[in-house]
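Structure record follows, encoded as structure tokens.
Read the figures in this text as sums done on the coordinates, not as results from a lab. Just so we're clear, the structure is a prediction, and the values are computed from it rather than from any experiment. So basically every Cβ, Gly included, is an ideal-geometry build from the backbone, and we count neighbours across all protein chains shown.
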């Protein structure tokens, strides 16, 4: 029964993330990228602070800033984790928000999902072994991207920005992988979005972005802040308590599928047959990338 609850929670989170691309696409047409990121990050941090308050009332009977971080070192780790996660998510979100302005929400979802393949490839830098299946997944992903985008020569600014987002998002996942076991995950995420709000706010001022369109775009940055950032992240934490990591990642990969469905339902976007085949090939590559392989024991 717990696995069923975990699966339902992860599916709901995935639907929210997938349809969030449509909200980002609409928001990108109305609000400058860094200003949009600042708005959604403020909302995300505030929503997560409410979640922390509710959780603390059950655990500690009072609101505490540090939570389980009692020692100076634990508190320092939480703060540094919040900063570096926030720095990475700001950079990834900026590239994605700029990219979705030029390409469809569905295409953005599938290109962003390449992080599932990029993460284990980046593991090579840390001397982690890579299976032949993963290399096959890489080749399939390259072929799928070629079909989705119409060839390397047809890759425009939007595609390159989102591919860059997938690379930076992969680094973000590795940073989370380092800090999450050492910190309260909800507090880490709250500090992450708080950092993102500050960094994107400063960048927005330096870039002299306009606040015009903020009210018109309110439903979109509210959805991204509350739904994609706070609610979906909390559901992910709940789900991963009951699901195997591979199962959880496979369910998360459906985000790209829901991005296409959301673009079709809410933005009236349509993909050509070639682009749909490309999406299918990339999705197959994502599934292959999750196949575990036995590690040889070191002698």
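In nm, what is the difference between 0.36 nm times the number of residues separating residue 50 and residue 174 and their Cα-Cα distance? Write out the running numbers ahead of the final one.
Values: separation 124, 0.36 × 124 = 44.64 nm, distance 2.68 nm.
Taking 0.36 nm per residue and subtracting the Cα distance, the gain is 42.0 nm.
Starting from the 7 Å offset along Cα-to-Cβ, what nm value, one decimal, do you get for the label separation of residue 75 and residue 124?
Taking the two extended label points, one gets 4.3 nm.
Which values, in whole Å and largest first, are the semi-axes of the equivalent ellipsoid of the stretch 101-199 obtained as the square root of 5 times each eigenvalue of the Cα gyration tensor? Don't jump to the answer; show the numbers that get you there.
On the way: eigenvalues 147, 84, 17 Å².
Calculated on Cα positions only, the semi-axes equal 27, 20, 9 Å.
Find the all-direction average of the projected area of the Cα convex hull for the stretch 170-272, expressing the result in square nanometres with one decimal place. Each step should come with its number before you reach the end.
Values: hull surface 36.7 nm².
Dividing the Cα hull surface by four gives the mean projection, 9.2 nm².
Quick one: what does P(r) look like for the stretch 1-141 with 10 Å bins over all Cα pairs, in whole %?
Percent of Cα pairs in each bin: 9, 24, 33, 27, 6, 0.
Across the chain, what fraction of all alpha-carbon pairs, as a whole percent, falls in each successive 10 Å bin from zero upward?
Cα pair-distance distribution for the chain, in percent: 7, 26, 36, 24, 7, 1, 0.
Can you give the extra length, in nm with one decimal, that the chain gains between residue 287 and residue 136 once fully stretched, where that is 0.36 nm per residue apart less the Cα-Cα distance? It would help to have the intermediate numbers written out before the result.
Details: separation 151, 0.36 × 151 = 54.36 nm, distance 1.13 nm.
The residue 287-residue 136 span can extend by a further 53.2 nm.
Quick check of the Kirkwood formula: for the stretch 248-287, what is the inverse mean of 1/r over all pairs of different Cα atoms, in Å? Intermediate values should be presented prior to the final figure.
Values: mean 1/r = 0.0934 Å⁻¹.
It is 10.7 Å.
Considering the Cα positions of the stretch 49-114, please state its Rg to one decimal place and its Dmax as a whole number of Å.
So, for the stretch 49-114, Rg and Dmax equal 17.8, 48 Å respectively.
Taking only Cα atoms and a 10 Å spring cutoff, compute GNM fluctuations for the chain and point out the largest among 212, 285, 92.
Checking each option, the largest mean-square fluctuation is seen for 212.
222 nm [θ] for the chain, helices only, -39500 (n - 2.57) per DSSP H run of 4+, per residue, to 500? Don't jump to the answer; show the numbers that get you there.
Values: 13 runs with 212 residues, N = 299.
Calculated at 222 nm, the ellipticity per residue is -23500 deg cm²/dmol.
At R0 = 35 Å, how high is the FRET efficiency between residue 4 and residue 212 if r is their beta carbon distance? Nearest 0.05 is fine.
With a Förster radius of 35 Å, E is 0.15.
Can you compute the FRET efficiency between residue 205 and residue 29 using 1/(1 + (r/R0)^6), with r the Cβ-Cβ distance and R0 = 35 Å? Round to the nearest 0.05. List each step's numbers first, then the result.
Values: r = 22 Å, r/R0 = 0.63.
Using R0 = 35 Å, I get an efficiency of 0.95.
For the stretch 166-184, list residues with backbone N below 20 Å from a point placed 7 Å from the Cα of residue 237 toward its Cβ?
172-184
Can you give the FRET efficiency for residue 58 and residue 11, using 1/(1 + (r/R0)^6), R0 = 25 Å, r = Cβ-Cβ distance, to the nearest 0.05? Please report the intermediate quantities before stating the final value.
Details: r = 25 Å, r/R0 = 1.01.
Step by step, r from the Cβ atoms, then E = 0.50.
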